[in-house]
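What follows is a short report on a single structure.
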Amino acid sequence: MKKILLSSISVLLVLTLIFCTGTLSFADDAAPAEDSPFRISVTVNGDTKSEKGFCWYTKTSTDSLVEIEGVDASKITYEDVFEWEGNFCHKAKASGLEPGREYKYTVGSKSVRSAQGVFVTDDGDSSLDFIAIADVQASSAENFEKGADTLRAAFSTMPGAEFVINAGDFTNDSTNEEWDLYASSFDSLNLRSTLAPVAGNHDGLGVWNWFSNLFNLDTSESVQVLNGVNYSFDYGNAHIAVLNTNDLFSLSLAQLKWLKNDMNSTDKDWKIISMHKTPYTLGKDGKWPDALYLQQSLTKVADECGVDLILSGHDHQYLRTKPLKGNKLSDDGTTYVLLGTAGSKRYEVRKFLADSFMNTDYIAALTVQRGDYGNTWNGKDFDTKKPENVGGCFNTVSIEGGKLTFNSYILSDEMTDENGERLITNTDSFTLTKETGKNKATFTVDNTTSEAEYYLGIVPSFCALAAYAFGVWLPTFLWIVPRILDSVINEDTF
């Protein structure tokens, strides 16, 4: 009888193990087993109608296998598995997918599979929905989970989002421990959609190659990949360029040239840029020349190429400008949006920046998610308190032909709605309209940057940044030193 009982238990354990292997998923607080895939992402990589990039990690070296329902294995190619900081990185790319389809997939090895994920391919029409977040920048499991809650709220608000732009600073220190915590909180969310990642300064500066090794992106036109990747893609009737603002601490001349060529190479109706550092802000990083240099360098390209919308992060507050051209108000200019923080590290306004480095006449909307209050811009000051604005920020973008609708939301830290769910407040909304079919591609040749060209441009790039820093930034900074000292003494902010 005992033998029968032990045999029965053994059979049940084996069946349980087989079942769990076939439907593998991780609890948020559970470390993955040695062969289990983690840090899983599907990214834009090439033609969004027919291609996707896959990346995942394992603790030990295993074979790589991506299985997509209805897709022949011959359409998936693999890179060699390589060790990175004690773990093993797997990358694969799917090609020949059908436009406008939803696909289910798993990644892993022949013996261990991930939970099932899903992605959609671009159908090529003139409609598009996507989510934009920034600056989770967490170090603890608790704060990563707060960021994940924000993205969950975004998916509940826009369940049909075709991809997610994350404008950088995925972690605080880009260590194995933090990326493992990120994976525990975000892997299940990343299995729900395609990711268009942006390198933040915490993802690239001083932590070389982390960003390019965490995601499978098209690096064929990136000017360099040491501290981030610049790339672009078409989706619907929009062309989106992703910049790396770690490139020589801001944007190198090589990347600015690439951006100008890239934006002139498309006939898509909407031109959008996503990057980490922001040229317009009232947060604590808005006083340093690396980001402010973008007011001189990036804006010229945006003006020349007719860019409609620029999405950024870095300064942990939400701010939208009115349309700007030549750093002045203009109805046919570019709208700049600082996306707020999806995480819990939030910056209050540095009032000494107002009308020095940041012209307050340019502000269309501002949400400050700091402490126990959520100040907002009322057109005159920042003192209108809105407690419902204290929480994680997410944003949605919908395009229908010549109409782009942007909405920003706050998932409240503590306030709840009538159903007892955490309150989601729509804090800003705006619409851009344009006549479609007007953009023409004027750049049609190769847009890659040779290694020699990049390195020859390093000194001129630093000189351009230095000229701005000493010629424009420093005089203004010295002029507002009394206001800075007053802020430090009376408000304990710098």
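The values are calculated or read from the model by the stated rules, or taken from the named source; none is laboratory data. These numbers come from a predicted model, not from an experiment. All Cβ positions, glycine included, derive from the backbone under ideal geometry; neighbour counts span all protein chains shown.
Looking at G160, G228, just one residue is out of contact with any helix residue (DSSP H, G or I) (no Cβ under 8 Å at 6 or more places or on another chain), of a type outside the set (K, R) and not in a helix (DSSP H, G or I), and that residue is G160.
For E142, the conditions (1) surrounded by fewer than 17 Cβ atoms within 10 Å (Cβ to Cβ); (2) at pLDDT 95 or above; (3) outside any helix (DSSP H, G or I) are fulfilled apart from (3).
Restricting attention to segment 261-319, the residues that are closer than 30 Å to T425 by Cα and part of a loop (DSSP other than H, G, I, E, B) total 16. For segment 79-108, filtered to residues that are small (G, A, S) and surrounded by 14 or more Cβ atoms within 10 Å (Cβ to Cβ), the residue that is farthest from T48 (Cα to Cα) is G108. The residues of segment 443-475 that are closer than 15 Å to S250 by Cα and part of a loop (DSSP other than H, G, I, E, B) amount to a single one, G457.
When segment 264-281 is limited to residues that are of a type in the set (S, T, Y) and closer than 23 Å to D169 by Cβ, the one that is surrounded by the most Cβ atoms within 10 Å (Cβ to Cβ) turns out to be T278. Summed over segment 50-78, residues that are surrounded by fewer than 17 Cβ atoms within 10 Å (Cβ to Cβ), in contact (Cβ under 8 Å) with a residue 40 or more places away in the chain and assigned to a loop (DSSP other than H, G, I, E, B) total 2. Condition first: in contact with a helix residue (DSSP H, G or I) (Cβ under 7 Å, 6 or more places away or on another chain) and closer than 17 Å to P37 by Cβ. Can you find one or more residues in segment 192-199 that meet it? Yes: segment 192-199 contains one or more residues that are in contact with a helix residue (DSSP H, G or I) (Cβ under 7 Å, 6 or more places away or on another chain) and closer than 17 Å to P37 by Cβ. Looking across segment 320-360, the residues that are in contact (Cβ under 8 Å) with a residue 60 or more places away in the chain, outside any loop (DSSP other than H, G, I, E, B) and hydrophobic (A, V, I, L, M, F, W, C) come down to V337, L338, L339, F352, L353, A354, M358.
Exactly one residue out of S156, S188, S111 is modelled with pLDDT under 95 and surrounded by fewer than 21 Cβ atoms within 10 Å (Cβ to Cβ): that is S111. Of the candidates N244, N261, the single residue that is closer than 26 Å to S95 by Cβ and surrounded by fewer than 24 Cβ atoms within 10 Å (Cβ to Cβ) is N261.
The residues on offer are E414, E435, and the sole one that is assigned to a loop (DSSP other than H, G, I, E, B) and exposed (fewer than 15 other Cβ atoms within 10 Å of the Cβ) is E435. Put simply, of G286, G333, G313 the only residue that is under 21 Å from the mean Cα position of the chain (by Cα), modelled with pLDDT of 95 or more and small (G, A, S) is G313.
Please tell me if S212 is over 17 Å from the mean Cα position of the chain (by Cα) and buried (at least 19 other Cβ atoms within 10 Å of the Cβ). It is false that S212 is over 17 Å from the mean Cα position of the chain (by Cα) and buried (at least 19 other Cβ atoms within 10 Å of the Cβ).
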